[in-house]
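First up is the structure itself, then whatever we jot down about it.
Each reported figure results from applying straightforward, stated rules to the coordinates on display, with no laboratory input. Nothing here was measured: the structure is a model prediction, and the numbers come from that model. Here the Cβ is made from the backbone with ideal geometry for all residues, glycine too, and neighbour counts use every protein chain on show.
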Amino acid sequence: MAGRWRLSDFSRNSGFTLLEVLIAVVLLGILSAALYGSYFGVLKARDRASSGMESRRELGATLDLIRREVSSAMFKRNSTNEQHPLMFVVEDRDNFGAPASTLALTTLAPPTSRLTYGESGIVIVTYRIVEKDKKFTLVRQERDLFSEESTTPAYPQMEQISSFLVECSTDGSKWVKSWDSALNYTSPNFVRVTVQIEEEGKPVEFSVLAAPQVNGS
């Protein structure tokens, strides 16, 4: 009879076939995979950006510290060329072909939590590259000029570094990679420090220029 319907017809029309269910599952899987990949891609990008910002902050702090210490570097000799226990030494070295300079200088340093009462505030600071597990770390060693301790611990100053290059000049035009105040009888007029790091697999260099101000005869 026209206009009449049966329960079996309604049930058959309102259901899904096996093919439709499979297609829906496949589409849901594709969509989930796309969302999964996008989500973790955003997380990785955020982590890379955060790591890059942290490396830049660490690099900026390191270069600024070296600049201030070089600017306050001390060396002095008298008219008879008698050597004082003040130094400015740069050694040209390399690690697997990459520059790995050693910088040792006497500099003025404000009191810190590590300095104990009675110390002079004139310190011998040494920077050098150490290698561990094929990774380079710039370490800093500090000792009071008049301390009776012969050795002091070296602390990591900057990790994940590719190269460390220190260059010296008397006029700013010709640069040398080695300097010894005991032989030159003076400290350099200009010092250029270049640090290389890797960002997203590419080497990037940053440099700072400093001029020792505390120098006498």
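Rounded, prolate or oblate: pick one for segment 119-217, where a ≥ b ≥ c are the square roots of the eigenvalues of its C-alpha gyration tensor, a/c under 1.5 means rounded, and failing that, prolate if a/b is larger than b/c, else oblate. Write down the numbers at each step before the final one.
Numbers: a/c = 2.50, a/b = 1.19, b/c = 2.10.
Taking the square roots of the gyration eigenvalues as a ≥ b ≥ c, segment 119-217 is oblate.
Efficiency by 1/(1 + (r/R0)^6): what FRET value for residue 173 and residue 148, r their Cβ-Cβ distance, R0 = 35 Å, to the nearest 0.05?
Details: r = 43 Å, r/R0 = 1.22.
It comes out at approximately 0.25.
So which of 134/177; 134/174; 132/174 end up more than 30 Å apart by C-alpha?
With Cα atoms farther than 30 Å apart: 134/174; 132/174.
Provide the gained length on full extension for the span residue 92 to residue 35, in nm with one decimal, where the gain is 0.36 nm per separating residue minus the Cα-Cα distance. Don't skip to the answer; put the middle values down first.
Working: separation 57, 0.36 × 57 = 20.52 nm, distance 5.19 nm.
Length gained, residue 92 through residue 35: 15.3 nm.
If you count, for each residue, the other Cβ atoms within 10 Å and average over each peptide, how do 161-168, 91-98 line up from highest to lowest? Write out the running numbers ahead of the final one.
Details: 161-168: 22.0, 91-98: 13.0.
Sorting 161-168, 91-98 by mean packing, highest first, produces 161-168, 91-98.
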